[in-house]
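**Student:** Starting off with a structure, shown below.
The values are calculated or read from the model by the stated rules, or taken from the named source; none is laboratory data. All values derive from a computational prediction rather than experimental measurement. Because the Cβ atoms are built from the backbone with ideal geometry, glycine has one as well, and the counts that use them run over all protein chains shown. Note: areas computed on protein heavy atoms with side chains; ligands, DNA, RNA excluded. Shrake-Rupley method; radii C 1.70, N 1.55, O 1.52, S 1.80 Å.
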Amino acid sequence: MKEFIAIFKNELYKTAKRPRTYIGFGVILFICLTLQAAFYNDGKEILSFFTNQIDNLFNVHGNVLNGNLICFLLLQTLIVQMPLLVALVTGDSVSGETASGTIRFLLATPASRSKIILAKWLSGLCYTLLLLGLLGFMALVVSKWIFGSGDLMALNSEALTIIRGDDINWRWAAAFVIAFLSLAVVASLGQMISCFIDNSITPIVSVMAIIIIFTIIGMFDLPSFDLIRPLLFTTHMISWKSLFEDPIPFSDIYFSCIVLIIHIVAFLSISIFYFNRKDILT
Amino acid sequence: MKHLLILIFCLASFYSKADADAKQIIKELNRKFYALNDYSANIFMKFDIPGVKMNSMNGKVFFRKPNRFRIRTKGIFFLPKQNPMQNISNMFLDTSAYTTVISGYEVVDNRKCAIINMIPLKNETDLILGKFWVDEANPLIIKSQITTKNNGTIETQNYFGDMVQYALPSKIVIHIEINKMKMPKMMAMDLKKKSVDKSKVNLKEKGSIELNFSGYKINTKFPDTVFTEKEE
């Protein structure tokens, strides 16, 4: 256990030392602040884009443009980009060291290869958690501070759901847990591909390509994709949105969580299995 | 020729009588509206709007002549642009702006109602046609159907309790028709859902908003600031 903790601390240190780690934080800060400024200036116009279908008939009363809505829109926007930021760090956790040759020093320690992979995986999850924590702080806490709190007007393709302000905090907590599970899938995928390849760029690009392809397949409503769509992890990554429906489709959410966990376990297991048998030739 | 003249005379007498009857009913109705300068009441709103999922909510309603209206509550809610609580009394009180005629009689909610058609006399008004089912025995608007240039047709049904002397209902049911909501999957980021069937997108769906009033306070001269407070 001691050697595992030592390797884990070492991995955390290495993650913290790499400049690319901070790109993700910078991107989140930039996007959140930019969108918040845009909503602050042009919020009503942006909002009318969402409400134009009911604007002819109804007057909408109450503070619609509040922190909860901004957080919802930010999370919806960033959940597509966040995996790319996660892949940027986790995608070269093994391959980067293989390419630079430092993996030999790591393997010379008493820790087993499985422990090394686990330590790297946990370190990747810590980074993901911090990234998500920053997003939660910026999107929810800062937005509520700027725009105030209130009911959430959540929009999906079929309905507009008004979630009352006093029934929303637990939904945010659950949404961030599901978002963490989703990003953990990406981190695990990145690490798995990183075990297969010996240069640091290819795994990062591969993860990004997989996410982009899966997302595009999920978005196009073609009958040929109906069979594939439920099998793609990107389809389940967005299941946090179901928490903002009425009634909440809990069975769908549980199913998505199980699918995501299965992906995490599968990717991690393959990483450990492959890394244990890998010849280090560099 | 003689028969034609008799027919014209009969029709003229009928319409003249219908017009006089309508004016009499509106006069009695307006007597109730005149007595009311302002009111406040508790309100409970229930929403059944197609494509909008919203829980019921409580609040407080304020009205001041001629058409200042506010529902003070914590949260988001929708009300039709043609708010019957805001506009109808104002519409009736301006008797120079419209002409009326009784187009028939109908029993609504066990009351014998005269169907009064209100036709605006000025072109610039938003109203195209107002149709009101008014209780003959005790003039109250039981049902209304108002068509305007900007906001289409809206139907309401009123239920009265203990505020009949001011023609204030204890419950209003506003019937609405709305197109099915449509939002591209890509915009809504709904990867898990299938897009709405395009053949159903333009189908109108019926819905309603129910407003229940209680604890009316009449002519209490509450401050004007309630209408200018920031919405929560």
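**Student:** Check region A:2-276 and count each lysine pair with an alpha-carbon distance under 16 angstrom, considering only pairs eight or more places apart or from different chains.
**Tutor:** 7
**Student:** Throw me the Rg/Rh for region A:1-135, computed over C-alpha atoms with Kirkwood Rh, two decimals.
**Tutor:** Using only Cα positions, Rg/Rh for region A:1-135 is 1.20.
**Student:** Using the alpha-carbon atoms, what tilt in degrees (0 to 90, nearest 10) does helix A:2-17 show relative to the longest principal axis of chain A?
**Tutor:** Once rounded, the angle reads 60 degrees.
**Student:** Which semi-axes, in whole Å and largest first, does the equivalent ellipsoid of region A:130-282 have when worked out from the alpha carbon gyration tensor as the square roots of 5 times its eigenvalues?
**Tutor:** 33, 19, 14
**Student:** Measure nothing fancy, just the Cα-based angle from helix A:113-136's long axis to the longest principal axis of chain A, in degrees from 0 to 90, nearest 10.
**Tutor:** Around 20 degrees separate the two axes.
**Student:** Note the angle between two axes, namely the Cα long axis of helix A:201-219 and the longest principal axis of the Cα atoms of chain A, as a number of degrees from 0 to 90, rounded to the nearest 10.
**Tutor:** Taking the Cα atoms of chain A, the angle to A:201-219 is about 30 degrees.
**Student:** So, one more: Take the Cα radius of gyration of the protein assembly as shown and divide it by 2.2 N^0.38 Å, with N its residue count; two decimals is plenty.
**Tutor:** Against the compact-globule rule of thumb, the ratio is 1.36.
**Student:** For B:Lys143, enumerate residues with amide H under 5 Å from its amide H, sequence gap 5+ or separate chain, H modeled in the peptide plane.
**Tutor:** B:Trp133, B:Asn158
**Student:** Something else about it: Using a 10 Å cut-off around each Cβ of peptide B:156-168, what is the average number of partner chain Cβ atoms that fall inside?
**Tutor:** Mean partner-chain Cβ count within 10 Å for B:156-168: 0.
**Student:** Still on this structure, I have one more. Using a Gaussian network model of chain A with C-alpha springs under 10 Å, which one of A:Leu155, A:Leu129, A:Leu227 is most mobile by mean-square fluctuation?
**Tutor:** Fluctuation is largest for A:Leu227.
**Student:** Report Rg(Cα)/(2.2 N^0.38 Å) for region A:1-64, keeping two decimals.
**Tutor:** 2.09
**Student:** Cross-link candidates for B:Lys74: which aspartates and glutamates have Cα within less than 15 Å, leaving aside residues fewer than 8 places away along the same chain?
**Tutor:** Partners found: A:Asp151, A:Asp166, A:Asp167, B:Glu229, B:Glu231, B:Glu232.
**Student:** Which residue fluctuates most in the GNM of chain A (Cα springs below 10 Å): A:Phe147, A:Phe180, A:Phe105?
**Tutor:** A:Phe105
**Student:** Using only protein heavy atoms and a 1.4 Å probe, how much accessible area in total is buried between B and A, to the nearest 100 Å²?
**Tutor:** 4100 Å²
**Student:** Kindly provide the helix-only [θ] at 222 nm of chain A, computed as the sum of -39,500 (n - 2.57) over DSSP H runs of four or more divided by all residues, to the nearest 500 deg cm²/dmol?
**Tutor:** Theoretical 222 nm ellipticity from helices: -23500 deg cm²/dmol.
**Student:** Find which of A:Leu88, A:Phe250, A:His263 sits farthest along the positive direction of the dipole of region A:2-276, computed with +1 on the beta-carbon of Lys and Arg, -1 on that of Asp and Glu, about the Cα centre.
**Tutor:** Going by the charge dipole, the pick is A:Leu88.
**Student:** What is the ratio of the Cα radius of gyration of chain A to 2.2 N^0.38 Å, with N the residue count, to two decimals?
**Tutor:** 1.11
**Student:** For the protein assembly as shown, build the charge dipole from Cβ charges (+1 Lys, Arg; -1 Asp, Glu) around the Cα centre, then report which of A:Leu181, A:Pro230, B:Ser170 sits farthest towards its positive end.
**Tutor:** My answer, from the dipole projection, is A:Leu181.
**Student:** In this model, which of B:Lys149/B:Lys171; B:Lys81/B:Lys143; B:Lys32/B:Lys131 are farther than 21 Å apart at the alpha-carbon?
**Tutor:** Check vs 21 Å cut-off fails for B:Lys149/B:Lys171.
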